[in-house]
Amino acid sequence: MALTEIDLHKELKRYFGFSQFKGLQEEVITSIVKGNDTFVVMPTGGGKSLCYQLPALISDGTAIVVSPLIALMKNQVDAIRSISSEHGVAHVLNSSLNKTEVARVKDDIRNGICKLLYVAPESLTKEDYVDFLKNQTISFLAVDEAHCISEWGHDFRPEYRNLRHILKRIGDNIPVIGLTATATPKVQEDILKNLGITGAKTFKASFNRPNLYYEVRPKTKNIEADITRFVKQNDGKSGIIYCLSRKKVEELAQTLQVNGIKAVPYHAGLDAKTRSKHQDMFLMEDIDVVVATIAFGMGIDKPDVRFVIHHDIPKSIESYYQETGRAGRDGGEGHCLAFYSYKDIEKLEKFMSGKPVAEQEIGHALLQEVVAYAETSVSRRKFILHYFGEEFDSETGEGASMDDNVRNPKKQHEAKEDLEL
Ligand code: ADP
Ligand code: MG
């Protein structure tokens, strides 16, 4: 379909029921429909999925969507199926399908019914799939969570590196769309280079979250009491507390429970049933607080999380941004409180010591940024945005007063003393 014949607003309404595009969506979609290689950098919740779903739905052929998590793919496929009259409009192709199911997927692609084919990168390498896709009409390849391609990203997945190569085998001139919520200039460069789309049209939304309040406090031996007090002061509000270890998650959840706070633990060591029960309890507001490892949060969309506490400082600014970003999705108050002690940095360094040297170097560099953030006495928002390659005016910018350093400026030596506690 020629772009001039398409009324994007009408299609948006028809398929998704929305009357407005969010942020840069319309520009991105126009670029994709025109057949451009396109690169999209938008914070989590920015509406990246729609950027490739709508073009896929209105284009000829099938769009291949690469995504790292099967659970996320399944969610997306269910969501797409619920908005289209055609059940086969979206499929997941992965190793859990039996022969009959794979045949059904192939039929739907051949017949032009399947508009979105979600695949994990490792599935896409299968000869059988490549041979099949080679002979089909492919509208474009969308690489979601594209930062997985970069060693500098917070979630490096080596299989992402082969995508370009596999795509070449599927067909020439298939447009490539990369999407991510975490793009430091370095990661960005990696993505474009690795996907072979250095000439891509790039759309980058601001990462500023003006309603989030950033605070870092020194971590002392009274940390559990400090956290308990904070949670009690925020009685009845939803919050997430991140800890590094499963053991700490369990301990802290218990401490909070003993203090009359409705809290549950969440980590990968719990069985799937318990995990999903605890997650539901949080979403349904049967409990107020989830104490969790980083296993908690991917794809969780609770709009009214009022605080995110870091019992342990994360290993990179990207992780910190992602995790704190789960607060205040509805635009309301979101308090991001991190506890910091240099000892924790040393601990994280130690964890890395068994890894290959190249990885250690990257890990070290990322950690140094975390140290700089925790110890800075200037606007934390400015620091974060600068990290993502964005200018921020710490006097007039949106949300400028929303951090501890700006509200209570400290003299350098005071800040130092605090940290030595
Ligand atoms: P991201 O992948 O960037 O984190 P998602 O694609 O998951 O974001 O979208 C986040 C939320 O925004 C979803 O609930 C989605 O339905 C909603 N959304 C996307 N586009 C629009 C729009 N144009 N109008 C209203 N809501 C939208
Ligand atoms: Mg997404």
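The values are calculated or read from the model by the stated rules, or taken from the named source; none is laboratory data. On a predicted model such as this, the values are computed, not experimentally measured, just so you know. Neighbour counts are summed over all protein chains in view; Cβ atoms, including those assigned to glycine, are modelled from backbone coordinates with ideal geometry.
For region 156-196, what are the residues that are assigned to a loop (DSSP other than H, G, I, E, B) and free of Cβ contacts under 8 Å to residues at least 24 places away in the same chain? Selection gives PHE156, ASP172, ASN173.
Can you find even one residue in region 240-251 that is surrounded by 21 or more Cβ atoms within 10 Å (Cβ to Cβ), part of a helix (DSSP H, G or I) and not hydroxyl-bearing (Ser, Thr, Tyr)? Taking every residue of region 240-251 in turn, at least one turns out to be surrounded by 21 or more Cβ atoms within 10 Å (Cβ to Cβ), part of a helix (DSSP H, G or I) and not hydroxyl-bearing (Ser, Thr, Tyr).
Yes or no, residue by residue, for (1) modelled with pLDDT under 95; (2) outside any helix (DSSP H, G or I):
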| position | (1), (2) |
| --- | --- |
| CYS336 | no, yes |
| PHE339 | no, yes |
| ALA372 | no, no |
| PRO409 | yes, yes |
| GLU417 | yes, no |
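Exactly one residue out of TYR118, TYR160 is among the aromatic types (Phe, Trp, Tyr) and modelled with pLDDT under 95: that is TYR160. Residue-level check: of (1) within 16 Å of ligand 1 (Cβ to nearest atom); (2) farther than 30 Å from ALA327 by Cβ; (3) without any contact (Cβ under 8 Å) to a residue 60 or more places away in the chain, TYR118 misses just (2).
Taken as a whole, the condition of being away from ligand 2 (no atom under 14 Å from the Cβ), farther than 11 Å from TYR118 by Cβ and either in contact with a strand residue (DSSP E or B) (Cβ under 7 Å, 6 or more places away or on another chain) or in a helix (DSSP H, G or I) (or both) does not apply to LEU50.
Being more than 14 Å from ligand 1 (Cβ to nearest atom) and either within 19 Å of ALA181 (Cα to Cα) or in a loop (DSSP other than H, G, I, E, B) (or both) is the filter here; which residues of region 67-87 pass it? Matches in region 67-87: ILE70, SER84, SER85, GLU86.
Here the condition is being more than 14 Å from ligand 1 (Cβ to nearest atom) and either among the acidic types (Asp, Glu) or surrounded by fewer than 20 Cβ atoms within 10 Å (Cβ to Cβ) (or both); of GLY45, GLY35, it holds for GLY35 alone.
Scanning region 265-294 for residues that are more than 13 Å from VAL305 (Cβ to Cβ), touching a His at 6+ places or on another chain (Cβ under 9 Å) and either of a type outside the set (A, V, I, L, M, F, W, C) or in a strand (DSSP E or B) (or both) yields PRO265, TYR266, ARG275, VAL291, THR293. For ASN75, the criteria (1) crowded, with 18+ Cβ neighbours inside 10 Å; (2) within 11 Å of ligand 2 (Cβ to nearest atom); (3) farther than 21 Å from GLN188 by Cβ; (4) polar (S, T, N, Q) hold in every case but one, which is (1).
Take LEU366 and decide whether it is part of a helix (DSSP H, G or I) and surrounded by 16 or more Cβ atoms within 10 Å (Cβ to Cβ). Considered against the rule, which asks whether it is part of a helix (DSSP H, G or I) and surrounded by 16 or more Cβ atoms within 10 Å (Cβ to Cβ), LEU366 comes out as yes.
For ILE6, the conditions (1) among the β-branched types (Val, Ile, Thr); (2) surrounded by fewer than 18 Cβ atoms within 10 Å (Cβ to Cβ); (3) within 14 Å of ligand 2 (Cβ to nearest atom) all hold with the exception of (3).
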